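Notes follow once the structure below has been shown.
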Amino acid sequence: MRLLLILLPVIFFVLLNAAPAPTVEECLEEFQKAKHCACNTPNLIKLVPTEEFEEREQKIKEFHECLGPMKCEITKKAVAKDKKQIELLKLLGNLYDCLGSNGNYDNAKNSCRSWSDKGSCSYGAFITCIAEELAIKPECSSKDVEEFKNLKEEFEGVCQTNAKFRKTFSGYGRVQLN
């Protein structure tokens, strides 16, 4: 009983100070703000040499400063999705001489699309196909190809993060987010 008398004011204080869940309108506004902040940054979701990531990291910092704290799941998941893609692209940037030269990576991705398992985040066959395409390119060493194959889990992580975003996004129904 004594414990209950001590805990009751604490529970009451916590309940009074708990932030209410954001409304759909607030989330739409936050998502629009995120889109506005993103318009002020260059296309960060593309393959570039590692050396160019320092400038990109500054732009990412500016984006977060523009956006401020996020309250809504849709915005958090959209930002997490982009962050995961940028992390993967940074790793791929280490292999830029192989992947970026002559569009090797983009060409291999397009050649191997039939190997991707639509709707699944299992990338084994797709990564193997791309690696085989890269292995015959003069710009790619066997070490480059092995490093690329070792990124399978990162590719799958991007896919899983994208799936979480799509699931959250679909929860907004027909509400316009653009």
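Remark: for residue pairs K61/K84; K61/K109; K59/K81; K35/K109; K33/K71; K59/K149, the C-alpha separation exceeds 24 Å in K61/K109; K35/K109; K59/K149.
Normalised by 2.2 N^0.38 Å, where N is the number of residues, the alpha-carbon radius of gyration of the range 22-170 equals 1.16. Which FRET efficiency, nearest 0.05, do K149 and K61 yield, Cβ-Cβ r, R0 22 Å? After rounding to 0.05, the efficiency reads 0.10. When the trypsin sites (Lys or Arg not before Pro) in the range 93-165 are filtered for DSSP coil states and for at most 14 other beta-carbon atoms within 10 Å of their beta-carbon, the remaining sites are K118. Approximating the spin labels as points 7 Å out from Cα along Cα→Cβ, the E54-to-E26 distance works out to 4.1 nm.
Computed about the Cα centre, the dipole magnitude for the range 22-170 is approximately 580 debye when only Lys and Arg (+1) and Asp and Glu (-1) carry charge, each at its Cβ. Each of E29, E156, E65 was scored by other Cβ atoms within 10 Å of its Cβ. Arranged with the fewest first, they read E65, E29, E156. Put +1 on the Cβ of each Lys and Arg and -1 on the Cβ of each Asp and Glu in the range 22-170; which of A135, L91, S114 then has its Cα farthest toward the positive end of the dipole? The one lying farthest along the dipole's positive direction is S114.
Any read-out appearing in this document is the output of simple, stated calculations on the displayed coordinates, not a laboratory observation. What you see is a predicted model, and the numbers here were worked out from it, not measured in a lab. Cβ sites come from the backbone with ideal geometry, for glycine too, and all protein chains shown count toward neighbours.
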